[in-house]
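Asker: Quick one: the structure is below, and I'll ask about it shortly.
Read the figures in this text as sums done on the coordinates, not as results from a lab. All of these numbers come straight from a predicted model, not from anything done at the bench. Here the Cβ positions follow ideal geometry from the backbone for every residue, glycine too, while neighbour counts run over all protein chains shown.
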Amino acid sequence: MARRRSDLRERILDTALELFNEEGYDKTSLREIAERLDVTKAALYYHFRSKADILLALHLRLHDLGADLLAELDGLTDGQAVVAAWPTLVDRFIGDVLANRELFLVHQRNERAFREIAETDEHRAANEDIEQRFRRLLANPSLPLELRVRMTCSLGAVMVSLMGAESIFEGESIDAVAVAVRAAVRDLFP
């Protein structure tokens, strides 16, 4: 039974993601989400107290992408091992961003709603955790400053280029942008 509940929770999130991208967060109602899933609103409320809770859960999926990247690095104690692993991890992160493009798009298209959930305690705690982990990694004095800057630049290249691809690189395919970003990251770590 727990598996079915979890499956419904994920289906709610996936359906809400579609609707938020199609219609916008403000124009999407819980009723529409329930109707698309062919479930009752009570079933939605069992998993989420509000539409804002659904949005927060979608946003936390983005945090999970960063946390997954950091988890790969947690076991590495040697700075050079971190640097050696970094390009491969960033390449995998690019793949994760592409695979979860709809999450990034919903974030861009509904900035005001995301600013509102950013004020919640749950978001603050998750955000603080991931920011602190990245800060510790990138502030590691055992790594030369130049390498830490390159690592930071590579993350910026992924986030800005792929998240803003539609508006920045209008007319270019996301796949073409990803190829260029991968090349830029490789150039940072010859």
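Asker: Among all stretches of the chain without exposed trypsin sites (Lys or Arg not before Pro) (DSSP loop, at most 11 other Cβ atoms within 10 Å), which one is longest?
Answerer: Segment 50-190 is the longest.
Asker: Oh, and also: May I ask you to list the residues of the range 118-153 whose amide nitrogen lies under 17 Å from a point 7 Å from Cα along the Cα→beta-carbon direction of ASP64?
Answerer: Only 123, 126-127, 130 pass the distance filter.
Asker: Find the relative contact order for the chain and round it to a whole percent, using C-alpha pairs within less than 8 Å whose residues are 6+ positions apart.
Answerer: Relative contact order here is 22 percent.
Asker: Okay, moving on. Based on other C-beta atoms within 10 Å, arrange SER161, SER154, SER167 from fewest to most.
Answerer: SER167, SER161, SER154
Asker: If I fit a long axis through the Cα atoms of helix 2-23 and take the longest principal axis of the Cα atoms of the chain, what angle between them do I get, 0 to 90°, rounded to 10?
Answerer: Compared with the principal axis, the helix lies near 80 degrees.
Asker: A further question follows. Taking the Cβ of each residue in TYR25, TYR45 as the centre, tally the other Cβ atoms inside 10 Å and list the residues starting with the fewest. Display every interim value, and only then the final one.
Answerer: On the way: TYR25 23, TYR45 13.
By the 10 Å Cβ count, ascending: TYR45, TYR25.
Asker: How far, in degrees from 0 to 90, does helix 174-188 lean away from the longest principal axis of the Cα atoms of the chain, to the nearest 10?
Answerer: The answer is roughly 30 degrees.
Asker: Between ASP78 and VAL179, 0.36 nm times their residue separation minus their Cα-Cα distance comes to what?
Answerer: The span from ASP78 to VAL179 would gain 33.4 nm if fully extended.
Asker: When Lys and Arg each count +1 and Asp and Glu each count -1, what net charge do the other residues less than 15 Å away from ARG135, Cβ to Cβ, add up to?
Answerer: In short, -1.
Asker: Once a ≥ b ≥ c are taken as the square roots of the eigenvalues of the Cα gyration tensor of the range 1-48, is the result rounded (a/c under 1.5), prolate (a/b larger than b/c) or oblate (a/b not larger than b/c)?
Answerer: It comes out prolate by the Cα gyration axes.
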